[in-house]
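Enquirer: Take this structure, written in structure tokens, and hold onto it; I'll ask about it next.
The values are calculated or read from the model by the stated rules, or taken from the named source; none is laboratory data. Here the structure is a predicted model, which means the values were calculated and not measured. Note that we place each Cβ from the backbone using ideal geometry, even for glycine, and neighbour counts take in every protein chain shown.
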Amino acid sequence: MMKTDFRQERSLGAYIWKIIGYIIMILFSLLAIVPVLWLIVNSFKTTVEFNSNMAGWPKKFFTQNYPGAWRAGDFGILFVNSVVYTVMSVGISGFFSLLAGFGFSKIPGKSAKIIYSIFILGLLLTTQTLMVPIFLQVSQLDGVIGRLLEKVGLCAAEDFHLFYNTRFAVILVYVGSLLPIGIYLCTEYVRSIPTSLVEAARIDGAGYLRIFNLIVIPMSTPILITLGLLNIPTIWNEFALINILVSKTSLQSLPLGIYRFSGTLSSDYGKEFAALVIGLMPMLLFYLIFRKQITNNVGAGAVKG
């Protein structure tokens, strides 16, 4: 009888804790969902209606906020730029991260550990600490290289523009910022691939590049997906670095277009909220479409086995 009572009390306690867990998860879900819903609802209000009714449902959906925000923020150009920066940066950094991870983990060398440690130090550096050095380097490199080219008669110094206000500089800096975490994850992942496969391929006469193409890349699909899922939102939402790398509107990204609405357009709340929704929707759709891959690959893809 006592055993039965104890089991009932135990099951009742587990049931209560389960209910508490669900309540906590619901509360955290509401903290994430309610602000997004509030933003979307208010993006269909005029500024006058928002000032008089901040929390309620719009009396009439004012859809003109979206085309107005799209034109005012030059989102047609900036959206394409964001796609280009994100795809190029994530793709290039993923390839070089895997290539470096293969070299550090499977190709013997005395300097491999030292170079690997230098890359890992990049994990300790924040964007804020790098902004001033990056800006000085990018803004001065054009002048330094331009003067050298002018001395050898190749071009005038003022005509050389490769780093500041160029897409090349943005992608270069983005790739560099993604390499530390990418090299760390790829090195640890490739290290778990059996060395016997590499040795057998070497015995058969395959070079390291062939081994990388035929063995390492096919077996490293999970870590490449993981890097993509981690890095795509990072680059898409990046603001600080591109703000100091480019000043031309034609080269800016979506976050800089949204930032314009905090200035002269800050009093037009309808367009401001619409601009925020436009910037939010691509990443929201990204998470909705790839939610299973994000859960599975981030949990299991970083370290194999």
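Enquirer: Would you point out the residue of the stretch 212-258, among those that are part of a helix (DSSP H, G or I) and without any contact (Cβ under 8 Å) to a residue 24 or more places away in the chain, that is surrounded by the most Cβ atoms within 10 Å (Cβ to Cβ)?
Expert: Among those that are part of a helix (DSSP H, G or I) and without any contact (Cβ under 8 Å) to a residue 24 or more places away in the chain, it is ILE215.
Enquirer: Also, I was wondering about something else. Looking at LEU197, is it outside any loop (DSSP other than H, G, I, E, B) and surrounded by 12 or more Cβ atoms within 10 Å (Cβ to Cβ)?
Expert: Yes: the conditions hold for LEU197.
Enquirer: State all residues of the stretch 139-194 that are under 24 Å from PHE212 (Cα atoms) and not in a helix (DSSP H, G or I); if no residue qualifies, say none.
Expert: Hits for the stretch 139-194 are SER192, ILE193, PRO194.
Enquirer: Between a residue in the stretch 49-66 that is in a helix (DSSP H, G or I) and any residue that is surrounded by 11 or more Cβ atoms within 10 Å (Cβ to Cβ) and not hydrophobic (A, V, I, L, M, F, W, C), which pairs come within a Cβ distance under 6 Å, given they are 6 or more apart or on different chains?
Expert: PHE50/ASN42; PHE50/TYR269; ASN65/SER43; ASN65/GLY270; ASN65/LYS271
Enquirer: Go through (1) of a type outside the set (Phe, Trp, Tyr); (2) in contact with a helix residue (DSSP H, G or I) (Cβ under 6 Å, 6 or more places away or on another chain); (3) at pLDDT 90 or above and name the single condition ILE258 misses.
Expert: Single failed check for ILE258: (3).
Enquirer: Restricting the search to the stretch 119-129, which residues are surrounded by 12 or more Cβ atoms within 10 Å (Cβ to Cβ) and under 19 Å from LEU99 (Cα atoms)?
Expert: PHE119, ILE120, GLY122
Enquirer: Looking only at the stretch 88-114, count how many residues are of a type in the set (Val, Ile, Thr) and either surrounded by fewer than 14 Cβ atoms within 10 Å (Cβ to Cβ) or outside any helix (DSSP H, G or I) (or both).
Expert: Residues flagged as of a type in the set (Val, Ile, Thr) and either surrounded by fewer than 14 Cβ atoms within 10 Å (Cβ to Cβ) or outside any helix (DSSP H, G or I) (or both) within the stretch 88-114 amount to 2.
Enquirer: Further question on the same structure: Is it true that some residue in the stretch 78-87 is of a type outside the set (A, V, I, L, M) and assigned to a loop (DSSP other than H, G, I, E, B)?
Expert: We begin by selecting, within the stretch 78-87, every residue of a type outside the set (A, V, I, L, M); these are 79, 81-82, 85-86.
Among the residues that remain, those that are also assigned to a loop (DSSP other than H, G, I, E, B) are: none.
Looking through the stretch 78-87, none of the residues is of a type outside the set (A, V, I, L, M) and assigned to a loop (DSSP other than H, G, I, E, B).
Enquirer: If you don't mind, another one. Restricting to the stretch 138-148, what's the tally of residues that are surrounded by 15 or more Cβ atoms within 10 Å (Cβ to Cβ) and not β-branched (Val, Ile, Thr)?
Expert: So the answer is 4.
Enquirer: Restricting the search to the stretch 156-176, which residues are surrounded by fewer than 17 Cβ atoms within 10 Å (Cβ to Cβ) and at pLDDT below 80?
Expert: ALA156, ALA157, GLU158, ASP159, HIS161 - these are the residues of the stretch 156-176 that are surrounded by fewer than 17 Cβ atoms within 10 Å (Cβ to Cβ) and at pLDDT below 80.
Enquirer: Taking the condition of being among the polar types (S, T, N, Q), under 12 Å from TYR269 (Cβ atoms) and in contact with a Leu (Cβ under 8 Å, 6 or more places away or on another chain), how many residues in the stretch 29-82 meet it?
Expert: Qualifying residue count for the region: 1.
Enquirer: May I pose another question? Restricting to the stretch 42-85, name every residue that is buried (at least 16 other Cβ atoms within 10 Å of the Cβ) and over 17 Å from ARG260 (Cβ atoms).
Expert: ASN42, PHE44, LYS45, THR46, GLU49, PHE50, PRO58, PHE62, TYR85
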